[in-house]
1. Which of the following residues is polar (S, T, N, Q) and within 27 Å of the chain's Cα centre (by Cα): Ser235, Ser247?
2. Scan the range 253-265 and tell me whether some residue there is of a type outside the set (D, E, K, R), touching a residue at least 24 places away in the same chain (Cβ under 8 Å), away from ligand 3 (no atom under 13 Å from the Cβ) and under 30 Å from Ile473 (Cα atoms).
3. Can you confirm whether Asp461 is within 16 Å of ligand 3 (Cβ to nearest atom) and of a type in the set (Asp, Glu)?
4. Does Gly230 qualify as being surrounded by fewer than 24 Cβ atoms within 10 Å (Cβ to Cβ), within 30 Å of Ala99 (Cα to Cα), away from ligand 3 (no atom under 12 Å from the Cβ) and touching a residue at least 24 places away in the same chain (Cβ under 8 Å)?
5. Do you know which of the residues in the range 55-95 that are out of contact with any helix residue (DSSP H, G or I) (no Cβ under 7 Å at 6 or more places or on another chain) and basic (Lys, Arg) is nearest to Asp172 (Cα to Cα)?
6. Strands (runs of 3 or more DSSP E) wholly in the range 459-567 with at least 3 residues that are closer than 30 Å to Leu217 by Cβ - which ones?
7. Which of the strands (runs of 3 or more DSSP E) found entirely inside the range 117-200 contain at least 3 residues meeting this: β-branched (Val, Ile, Thr)?
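Values in this text are rule-based calculations from the coordinates and carry no lab data. Keep in mind the model is a prediction, meaning the values are calculated, not measured. Virtual Cβ from ideal backbone geometry, glycine too; neighbours counted across all protein chains shown.
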Amino acid sequence: MENKMLQNWVQEMAQLCKPEQIVWIDGSREQKEALEREAVASGELIRLDQRKWPGCFYHRTAVNDVARTENLTYICTRREEDAGPTNNWMDPQEAYRQAGEYFNGAMRGRTMYVVPFSMGPIGSPFSKIGVELTDSIYVVLNMLIVTRAGREVLAALGPDGDFTRCLHSKADLDINKRLILHFPEDNTIWSVGSGYGGNVLLGKKCLSLRIASYLGLHEGWLAEHMLIMGVEDPSGRVDYLAAAFPSACGKTNLAMLVPPKPFRDRGYKIWTVGDDIAWIRLGEDGRLWAVNPESGLFGVAPGTNSRSNPNALATIRQNTIFTNVLLTDDGDVWWEQGEGEPPAAGIAWDGSRWKPGLADAAGNPLPGAHPNARFTAPLAQCPIVSPEWENPQGVPLSAIVFGGRRSTLVPLVFETFDWRHGVYTGATMSSELTAAQFGTLGKVRRDPMAMLPFCGYNMADYFRHWLEMGRRIPRPPRIFHVNWFRKDASGSFLWPGFGDNLRVLDWILRRSRGEAGAIETPLGYIPAPGELNLEGLDLPAGAMEQLLAVDRDLWLEELAEHRRFFEQFGSRLPSELLEENKALENRLKNYSSRSAS
Ligand code: GTP
Ligand code: SPV
Ligand code: MN
């Protein structure tokens with residue numbers, strides 16, 4: 001049952017890249033282990049101490065290749081305005097020509113691996129099939145974890161099924177010849193010159209967000225940068241929510257949280273469905289249903305420890321690939337704010353010898369692990385993985401949550417007034433930049449729905465699509481906004497975060513069921529005093545007031561930022577968003593901050 005289109009395309013790409021041989025990935029254990037041995041022999045992977053880390057490997061990327069390079073990421077549509085002002089755009093012909101030069105002969109002396117993969121359970125009508133061609137064993141082994149890959153996918157594809165054509169070569173890992181190109185109109189992705197996660201695991205951000213968001217626009221569904229989780233209450237009822245936070249702003253941590261003791265004692269449980277991507281459709285029952293298209297985690301290592309995220313720690317004990325963490329001479333790994341004391345010595349993410357206490361010329365401590373060091377692990381290994389995680393229909397959403405990393409201004413939680421106001425709130429989200437993207441740490445940028453780097457088309461059309469979806473949903477989830485990162489005057493987080501975030505989720509879900517009290521502010525509803533369960537939590541006096549405060553004048557300034565952000569879309573911006581901006585401005589002008597406390 002050969003797919004002629006696939007055969008022809010593989011031949012054509014091989015003629016361009018000129019590999020020494022072509023190997024089809026079948027998903028078997030034998031083939032995987034042979035690839036692991038080969039990568040260990042070449043130095044591409046290091047086998048960790050197998051008693052301590054069974055089935056685990058270590059990989060280090062090039063020092064200039066440790067995060068997604070948004071500046072080298074392009075949407076290549078025939079018309080520039082279809083990519084929109086927030087994306088880099090290149091003419092498709094020019095893009096194919098330029099990248100074609102970099103790909104030309106790039107796999108000489110190397111093997112081209114053919115990785116057929118399914119985003120979503122294999123064979124589900126909602127899943128999408130892709131095929132990635134790559135010259136990196138590291139990429140193959142990661143794809144075998146984060147996607148469902150191998151022979152079964154070819155069977156599901158059939159003789160004339162269509163698929164996303166994903167071409168990747170490390171080439172020379174030259175940052176000046178690095179391009180991450182998306183051709184939504186051709187269902188094609190070309191990535192060259194990188195070996196870092198989001199740039200090269202083409203099923204992930206490239207297909208499941210950029211290409212999928214474009215497909216979703218035309219097919220009437222949503223591809224979102226969202227975790228999906230279930231919260232089981234003491235009565236055994238499980239409610240699901242999806243939450244969009246920008247990169248390195250807490251999705252993996254929230255999706256696997258451990259309830260604080262009083263909640264645990266009463267029987268609350270968390271069920272992880274996904275930690276990064278959600279495909280959301282309208283179900284026959286009039287609710288939204290969300291599927292996690294991935295089968296693994298590609299999570300941030302630093303900060304992961306048995307207090308902050310014991311479930312992640314349990315997930316990565318075996319069959320895990322560690323990238324850019326600290327490696328010790330005896331085959332162990334470590335990262336900042338990880339488990340235990342730092343080792344006496346080791347090799348840092350950049351390949352240099354490392355020991356605790358090293359500092360750079362300016363006196364800043366030199367980390368052993370890169371702040372964006374990652375682990376790749378099968379989601380099936382997560383101790384609290386939801387029994388529904390592979391359900392092809394997904395799970396029904398009771399709430400959608402947006403959130404960013406803002407040390408000031410934005411309250412811990414508020415509920416928006418309705419879908420349209422929720423879309424406005426998502427569209428004007430902002431966050432301080434993290435190590436997950438190449439750029440200046442800490443700078444605040446607008447990141448609508450956490451999709452700024454991941455929307456495969458004009459973001460004005462994306463807002464319109466969200467608004468239209470809202471008109472089609474008979475039983476829409478309520479939309480909330482959270483911020484775990486507000487700080488006090490001394491620069492400390494006001495909210496403990498992590499497991500204690502369940503307190504906020506609990507209010508959100510009780511609100512969605514019409515069971516929790518709130519007071520109205522211009523931004524939306526915030527918990528009424530006593531409605532957020534703070535049992536067993538020792539917050540300093542006044543912290544809760546600070547966490548929920550709405551500063552009228554600062555928000556009026558923020559609104560001007562919203563308008564500036566919207567301006568770039570010109571007349572393509574849905575007028576509803578400007579109306580929402582005006583309405584919010586009026587609410588703020590009539591508001592005295594005191595009435596909230
Ligand atoms: P991507 O995989 O890049 O999309 O990131 P993510 O959104 O899954 O973020 P992740 O959960 O990996 O968290 C990133 C960083 O935020 C880690 O250093 C965490 O320790 C920190 N973090 C997560 N949740 C919280 C929280 O509730 N409060 C605080 N203060 N920090 C948090
Ligand atoms: C992110 O940056 O949002 C990630 C990691 O989840 S990456 O796959 O590199 O995009
Ligand atoms: Mn992400």
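1. On the way: Ser235 fails: within 27 Å of the chain's Cα centre (by Cα).
The match here is Ser247.
2. Taking the range 253-265 as the starting set, the residues that turn out to be of a type outside the set (D, E, K, R) are 253-260, 262-263.
Checking the rest, the ones that are also touching a residue at least 24 places away in the same chain (Cβ under 8 Å) come to 253-260, 262-263.
Of the ones still in play, those that are also away from ligand 3 (no atom under 13 Å from the Cβ) are 256-260, 262-263.
Within this subset, residues satisfying the condition of being under 30 Å from Ile473 (Cα atoms) are 256-257.
Checking the range 253-265: at least one residue is of a type outside the set (D, E, K, R), touching a residue at least 24 places away in the same chain (Cβ under 8 Å), away from ligand 3 (no atom under 13 Å from the Cβ) and under 30 Å from Ile473 (Cα atoms).
3. Spelling it out, it is not the case that Asp461 is within 16 Å of ligand 3 (Cβ to nearest atom) and of a type in the set (Asp, Glu).
4. No; evaluated as a whole, the condition is false for this residue.
5. Arg60
6. Details: elements: 478-482, 518-520, 525-527.
Qualifying strands (runs of 3 or more DSSP E): 478-482.
7. Values: elements: 128-134, 164-169, 179-183, 188-192.
Of the strands (runs of 3 or more DSSP E) lying wholly inside the range 117-200, those with at least 3 residues that are β-branched (Val, Ile, Thr) span 128-134, 188-192.
Let's see how each residue does on (1) within 13 Å of ligand 1 (Cβ to nearest atom); (2) among the aromatic types (Phe, Trp, Tyr); (3) more than 16 Å from the chain's Cα centre (by Cα):
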site	(1), (2), (3)
Tyr424	no, yes, yes
Ser431	yes, no, no
Gln437	yes, no, no
Gly470	no, no, yes
Pro476	no, no, yes
